[in-house]
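Here the structure comes first, spelled out in structure tokens, and everything after it is commentary.
The values are calculated or read from the model by the stated rules, or taken from the named source; none is laboratory data. Note that this is a predicted model, so its numbers are computed, not measured. Don't worry about glycine lacking a Cβ; one is built from the backbone with ideal geometry, like all the others, and counts go over all protein chains shown.
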Amino acid sequence: MSHCWRSPRPSAPRRCAAAGAGQRAFGENYVQEGIDKIAQLRDLALAWHCIGPLQSNKTRLVAEHFDWVHTVDRLKIAERLSAQRPEGWRR
């Protein structure tokens, strides 16, 4: 079993330290903050989870940057995520 780490708005250095201790899965409630952290820590082999509510206008960003989405509450969101995932996407 693996755990997704989420704490209130932690900084990239704290996440880097957690990654150094073996944590590989990180959850983000806010899409833009998550994208910023993903960019800052792109050299580390981390899995990023979108765990906050997701509006349809943010699905492209999530599809392009996050590995997992935990909060799909409508078929429209699932369809948009699927359609907007880049071809051959792999991290």
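Quick notes
- Selected residue (criterion: surrounded by the fewest Cβ atoms within 10 Å (Cβ to Cβ)) from residues of segment 44-56 that are among the small types (G, A, S) and under 19 Å from T71 (Cα atoms): S56
- Pairs with Cβ under 8 Å, 6+ apart, first in segment 22-35 and assigned to a loop (DSSP other than H, G, I, E, B) and β-branched (V, I, T), second surrounded by fewer than 15 Cβ atoms within 10 Å (Cβ to Cβ) and at pLDDT below 90: none
- Scanning segment 2-32 for residues that are modelled with pLDDT under 90 and closer than 21 Å to D73 by Cβ yields a total of 2.
- Residue selected from segment 52-90 under the condition assigned to a helix (DSSP H, G or I) and among the small types (G, A, S), by the criterion nearest to R24 (Cα to Cα): A63
- Subset of segment 15-43 that is of a type in the set (D, E, K, R) and buried (at least 18 other Cβ atoms within 10 Å of the Cβ) - its residue that is farthest from L61 (Cα to Cα): R15
- Selection over segment 64-78 of residues that are surrounded by 13 or more Cβ atoms within 10 Å (Cβ to Cβ) and more than 20 Å from A45 (Cβ to Cβ) gives a count of 4.
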